[in-house]
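Worksheet: one structure, shown below.
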Amino acid sequence: MTPPYDFAAYRWPDERGRFGPYGGRFVPETLMPALEELESAYLTAVNDPTFQAELGRLQRTYVGRPTPLTHARRLSQHLGGAQIYLKREDLAHSGAHKINNALGQALLVRRMGKGRIVAETGAGQHGVATATAAALLGLECVVYMGTVDMARQAPNVFRMRLLGAEVRGVDSGSRTLKDAINEAIRDWVTNVRTTHYLLGSALGPHPYPTIVRDFQSVIGREARAQMLDRDAGGPGRLPDAVVACVGGGSNAIGIFYPFLADAGVRLIGVEAGGRGIASGEHAARFADPVVSRLGVLQGTKSYVMQNSDGQIALTHSVSAGLDYASVGPEHAWLRDLGRTEYTYATDDEALEAFGLLCRLEGIIPALESAHAVAEVVKLAPRLGRDAAILVNLSGRGDKDLDTVMRELGKG
Amino acid sequence: MKPTGAERIRAAFARARAEGRAAFMPYQMLGHPTPEQSLRIVRSLALAGADLFELGVPFSDPLADGPVIQAAAQRALDNGMTVARCLEMVAELRAELPDPPFCLMGYVNPLLAYGLERFVADAVAAGADGLIVPDLPPDEPEADELIALCRRHGLAPVFLLAPTSTPGRIALALARSQGFVYLVSVTGITGARDALPADLAEFVARVRAEALRQSPADPLPLAVGFGISTPAQAAQVAALADGVIVGSALVKLAAAAEADPAAAVASLARSLAESAHRPSSACQAGASGEPAG
């Protein structure tokens with residue numbers, strides 16, 4: 001046995017963009033120079049006080065950071081166990097944590113002198129965030145979105161168009177997030193000299209998983225300080241567990257990362273259990289070893305849902321933002337290191353948690369975030385009343401009202 | 001001793017060069033439009049004058065490919081194609097066509113799922129000579145592994161270069177490729193273009209200079225693909241490079257043919273082969289390489 005890993009000294013990825021065996025750069029050669037350029041521009045920017053000051057200013061004056069920490073008293077009472085604290089990314093401008101990364105990358109793009117960005121979107125939240133940042137900074141913006149997702153997230157399509165972005169429907173494959181990423185990458189391959197790919201999750205080729213993690217870590221840094229600070233609404237101590245939903249894994253890595261060295265804090269990621277693991281209709285990459293194995297999808301090596309021949313499997317989740325066949329490489333590595341743990345919530349559990357949060361706290365969460373709440377519903381009663389759980393409420397649920405009405409109508 | 005894939009590929013390029021022409025390398029997706037028809041298409045391309053073949057292994061998410069090859073891959077998968085079935089078809093083709101080198105082109109995930117070592121061994125046993133993996137750059141650790149396996153089993157690893165490739169990356173891809181190196185003509189995905197990019201000659205010359213620097217007596221052949229769809233374009237490329245690769249234009253004809261896809265591709269393939277074999281203008285300085293030996 002190796003000695004326990006010292007997370008105070010955690011410094012991943014390595015110089016090849018690997019998190020242990022995961023990550024890397026599996027892209028057409030055309031993009032390799034752009035990735036090298038991006039890595040170098042990013043490293044210069046993050047070490048430049050001017051860049052950090054500008055990012056900090058926009059986070060305060062435009063995004064509305066820090067987002068509050070809310071003690072969910074009625075939900076805690078209802079569940080009869082641990083005290084539940086919500087990190088309110090739903091209150092960030094444009095309605096989700098996605099703006100943290102979109103704004104950071106958009107500032108980087110401007111610095112790199114490129115005038116055009118392309119992005120993919122599943123639920124539409126990353127597309128809206130990217131369109132928002134593009135409008136703010138005067139960048140041309142094209143968002144690729146699967147036509148299935150366009151149908152189930154119609155309000156967000158309209159939002160993006162209002163914000164001046166061009167939304168291009170993708171009709172290939174399953175017509176969801178994975179196919180939107182393929183098209184965004186194809187656009188990027190074609191226009192790489194003038195265009196930046198503003199990837200929205202902790203996925204894709206190096207350095208994207210690192211860039212996205214770093215820009216999203218503001219969530220965990222703020223939440224950790226707020227938990228320790230009674231004046232900020234926290235219990236005055238670290239939580240016993242941090243819970244976040246995991247699609248590609250950007251909101252989860254953002255809230256987990258600043259807690260890595262806090263050994264007593266459990267870090268729990270919640271994947272989309274869809275219609276149940278046995279049904280095969282889910283997106284629980286860590287829960288189903290039959291379908292989900294080590295592989296390469298869209299530039300990175302990680303767990304990938306696939307058939308025995310290596311063809312990418314179709315996934316299902318009631319939440320478009322979790323409906324993806326692979327998971328961020330750093331999550332796979334942290335899981336191997338024993339630092340993070342992953343579970344799943346089914347569509348039904350997420351919908352139930354969605355309703356609970358609406359009724360007990362007056363907060364309509366995104367269906368993605370409702371998966372994290374669903375895990376809290378299971379976990380909180382098992383912990384004592386003096387325990388504390390921090391939940392990343394990654395987005396608001398306005399975009400999901402049609403879906404929820406339809407799903408509740410079924411029963 | 002049986003020649004390696006790299007030796008057979010080099011021999012095919014050397015033959016073309018000795019005849020004062022570029023090699024014609026058509027692409028065909030295995031299993032498209034049906035498995036049986038894809039075999040017939042390859043036979044028909046051989047008759048049309050193909051010197052080497054690029055044979056596609058379908059993948060559900062081919063991010064270097066444009067709509068034509070994406071659709072062909074999906075159709076092949078819908079026809080039940082698997083990596084194993086592709087290798088069986090390679091063996092069938094090899095039995096009928098002993099001479100032309102076959103380069104397999106497949107994305108990395110299906111190869112990992114099949115097992116890299118098992119894939120390389122089975123591909124060689126089936127009669128494949130080279131392997132192109134468009135989403136595996138030569139600097140990834142998995143490429144080290146693949147190159148070692150290819151050398152052990154006698155399969156030629158072929159890496160790609162793009163107009164955006166830096167001098168360092170050009171040197172790396174040339175050093176790690178065997179048989180030939182694949183130049184992506186355009187900054188973009190596969191698919192027909194109206195015109196070849198203006199900087200193609202300059203790009204080919206840059207790579208040629210490095211190939212000559214690495215191996216003055218016997219530089220690695222350069223084959224150019226992506227975006228070449230017409231005989232005129234094939235002739236232009238043939239004046240610059242050692243090989244002309246045509247994919248989407250042929251796949252599109254096969255996809256659209258209602259009765260006889262092999263016949264549908266034959267006529268274009270013949271014109272492309274003739275054009276590749278008769279470069280459109282005098283070879284530009286430094287563009288055709290030094291004669292071997």
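A few remarks follow.
- Along each principal axis, Cα extent of region A:100-179, largest first, Å: 35, 22, 19
- Under 5 Å from the amide H of residue A:271 lie the amide H atoms of A:246, A:343, A:344, A:345, each residue being 5 or more positions distant or on a separate chain, with H modelled from the backbone and absent for Pro and chain starts.
- Simple spin-label estimate for residue A:261 and residue B:118 in nanometres, 7 Å along Cα-Cβ: 4.5 nm
- Label point at residue B:144 placed 7 Å out along Cα→Cβ; residues across region A:17-54 whose backbone nitrogen lies under 13 Å: A:17-18, A:21
- Sorted by Cβ density within 10 Å, fewest first, the residues A:400, B:144, A:179, B:122: B:144, B:122, A:179, A:400
- Reach of residue A:301 by Cα under 18 Å, taken over lysines that are not fewer than 8 positions away in the same chain: A:178
- Kirkwood hydrodynamic radius computed over region A:322-411 comes to 14.5 Å, based on all pairs of distinct alpha carbons.
- Charge sum, other residues only, whose C-beta stays under 13 Å from residue A:78's C-beta, Lys/Arg counted +1 and Asp/Glu -1: +2
- Segment residue A:401..residue A:275, full-extension length gain: 43.4 nm, with 0.36 nm per residue of separation and the alpha-carbon distance subtracted.
- Beta bridges by DSSP in the protein assembly as shown, antiparallel share as percent, to the nearest 5: 20 percent
- Other-chain or far-sequence residues with amide H under 5 Å of residue B:60's (modelled H): A:312
- Over chain B, relative contact order from alpha-carbon pairs under 8 Å, at least 6 apart, %: 24 percent
- The mean sequence separation of alpha-carbon pairs under 8 Å and at least six residues apart, normalised by the residue count of chain A, gives a relative contact order of 20 percent.
- Label separation (residue B:84 vs residue A:52): 5.6 nm, computed from points 7 Å beyond Cα along the C-beta direction.
- The phi-based Karplus calculation (6.51 cos²θ - 1.76 cosθ + 1.60; θ = phi - 60°) puts the 3J(HN,Hα) values of region A:169-177 at x, 10, 9, 8, x, 8, 6, 10, 3 Hz, whole numbers, x for Gly and Pro.
- Mean separation of Cα contacts under 8 Å, 6 or more apart, over the residue count of region A:204-274: relative contact order %: 34 percent
- As an equivalent ellipsoid, the protein assembly as shown spans semi-axes of 49, 25, 23 angstrom, where each value is the square root of five times an eigenvalue of the C-alpha gyration tensor, largest first.
- Formal net charge of residues neighbouring residue B:115 (Cβ-Cβ distance under 15 Å; K, R +1; D, E -1): -2
- Per-residue Cβ neighbour rank within 10 angstrom, fewest leading, A:117, A:255, B:147: B:147, A:117, A:255
- DSSP bridge pairs, chain A: antiparallel proportion in percent, nearest 5: 35 percent
- Two-decimal Rg to Rh for chain A - Kirkwood Rh, Cα set: 0.94
- Largest mean-square fluctuation among A:38, A:322, A:390, in a Gaussian network model of chain A whose springs join Cα atoms under 10 Å apart, belongs to A:38.
- Cα centroid separation, region B:169-232 to region A:355-411: 54 Å.
- Per-residue mean of foreign Cβ neighbours for B:135-143 is 6 (Cβ atoms of other chains, 10 Å radius).
- Alpha-carbon Rg/Rh ratio, for chain B, with Rh computed the Kirkwood way: 0.93
- Cα-centred dipole magnitude for the protein assembly as shown, charges only on beta-carbon of K, R (+1) and D, E (-1), debye, nearest 20: 1000 debye
- Taking chain A as a Gaussian network of alpha-carbon nodes connected by springs under 10 Å, the highest mean-square fluctuation of the residues A:300, A:67, A:50 belongs to A:50.
- Helical mean residue ellipticity (222 nm; -39500 (n - 2.57) per DSSP H run of 4+; nearest 500) of the protein assembly as shown: -13500 deg cm²/dmol
- Residue order, fewest to most surrounding Cβ atoms within 10 angstrom, among A:379, B:116: B:116, A:379
Throughout, read-outs are computed from the coordinates displayed, never taken from laboratory work. Values in this document were obtained by computation on a predicted structure and should not be read as measured data. Note that each Cβ is placed from the backbone with ideal geometry, even for glycine, and that neighbours are counted across all protein chains shown.
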